[in-house]
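The values are calculated or read from the model by the stated rules, or taken from the named source; none is laboratory data. No experiment lies behind these values; they were computed from the predicted model shown. No Cβ is skipped: glycine too gets one built from the backbone with ideal geometry, and neighbour counts run over all protein chains shown. For accessibility, only protein heavy atoms count, side chains too; no ligands or nucleic acids. Shrake-Rupley method; radii C 1.70, N 1.55, O 1.52, S 1.80 Å.
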Amino acid sequence: MIDIIPAIDVIEGRCVRLSEGDYGRCRVYDAEPLDMAKAFEDCGAAVLHLVDLEGAKSDGPVNLRILEKIASRTALKVEFGGGIKSDGALRSVFDAGAFRVIGGSIACTGSEIFSSWLRRYGGSRIVLGADVRDGKVSVNGWLDKTDILIEDLLRRFLPDGLESVIVTDISKDGMLAGPAVALYSELMTSFPGLKVAASGGVGSMADVSCLEKAGVRSVIVGKAIYENRITLPQLAGFYGRTAAEDNI
């Protein structure tokens, strides 16, 4: 059973979406982050994916106030990413109400720090976020490429207790042209004990079904919702189906 995790990406306190990770191709939406979070909660979502895009290319989180509002005014479990590159930043995000934290750039540029977080907080609280282009990981808000293969990055942290990874195919992100199903299938085959979450490219509920058939555990959906490719009533129906099946 796949889970849909709705996403809110934030710049200057507003909901935005990028195309292919390009900050120059940023679309701003009218909805306030807190209002969107409440709408997702009303549909039946339990988890929210919240990304501080300004923080992602900075030295630390920039939009913690948004996290505090959502965490304190909804019952959503918020997974937060963007700019978490130090112990102090990690503590500030947890203090602001995050349920779990996504470490991306730090996993490549400060692997020992990320390893220590996994050992200290466990794989249920610390998630690896890997933004991938042509099989290699990019960092600092997708702006900087590395020569690190996604498979090597995952192997690096398995001994430290890594349980979950969110993999974004940058070439798919924000394009609404379908997710990188082959990439996720390959990773699940290579790492059968790892929870792989898909991110990028989803443009319809049919795409979600395709990922579900491939065995993906969860999918992060953002732009498709804001562009009304996946409607809030459809989300409500999906979560209702999930709840009904859980009760069987």
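Segment Lys213..Ser72, full-extension length gain: 47.2 nm, with 0.36 nm per residue of separation and the alpha-carbon distance subtracted.
The label-point distance for Arg155 and Lys136, in a model that sets each label 7 Å from Cα toward Cβ, rounds to 1.8 nm. Estimated at 0.36 nm per residue, the fully extended path between Asp95 and Ser190 surpasses their Cα-Cα distance by 30.7 nm.
Under 5 Å from the amide H of Asp144 lie the amide H atoms of Val139, each residue being 5 or more positions distant or on a separate chain, with H modelled from the backbone and absent for Pro and chain starts. Extension gain for Asp35-Asn228 works out to 67.9 nm (0.36 nm per residue, less the C-alpha to C-alpha distance). Residues whose amide H lies under 5 Å from that of Val221, counting only those 5 or more places away or on a different chain, are Ile5, Ala7; hydrogens are built 1.01 Å from N in the peptide plane.
Got a number for carbon plus sulfur as a percent of the range 34-139's accessible area, 1.4 Å probe? It would help to have the intermediate numbers written out before the result.
Working: 1810 of 4080 Å².
That share works out to 44 percent.
In Å², and per residue, what accessible area does the range 160-235 have when probed at 1.4 Å with the other protein chains present?
Details: 2880 Å² over 76 residues.
With the other protein chains kept in place, the range 160-235 gives 38 Å² per residue.
Placing R0 at 30 angstrom, the Cβ-Cβ distance between Ser124 and Met1 gives a FRET efficiency of 0.95 after rounding to 0.05. When the square roots of the Cα gyration tensor eigenvalues are ordered a ≥ b ≥ c, the ratio a/c for the chain is under 1.5, which makes its shape rounded. For Ser86 and Ala206, the FRET efficiency from 1/(1 + (r/R0)^6), where r spans their Cβ atoms and R0 equals 41 Å, is about 0.50.
Around the amide H of Val47, modelled in the peptide plane, lie the amide H atoms of Lys77, all under 5 Å away and 5 or more residues distant in sequence or on another chain.
For the range 1-74, the relative contact order works out to 36 percent when only alpha carbon pairs closer than 8 Å and six or more residues apart are counted.
Heavy-atom accessible area per residue, the range 1-154, 1.4 Å probe: how many Å²? It would help to have the intermediate numbers written out before the result.
On the way: 6350 Å² over 154 residues.
About 41 Å² of surface per residue is accessible.
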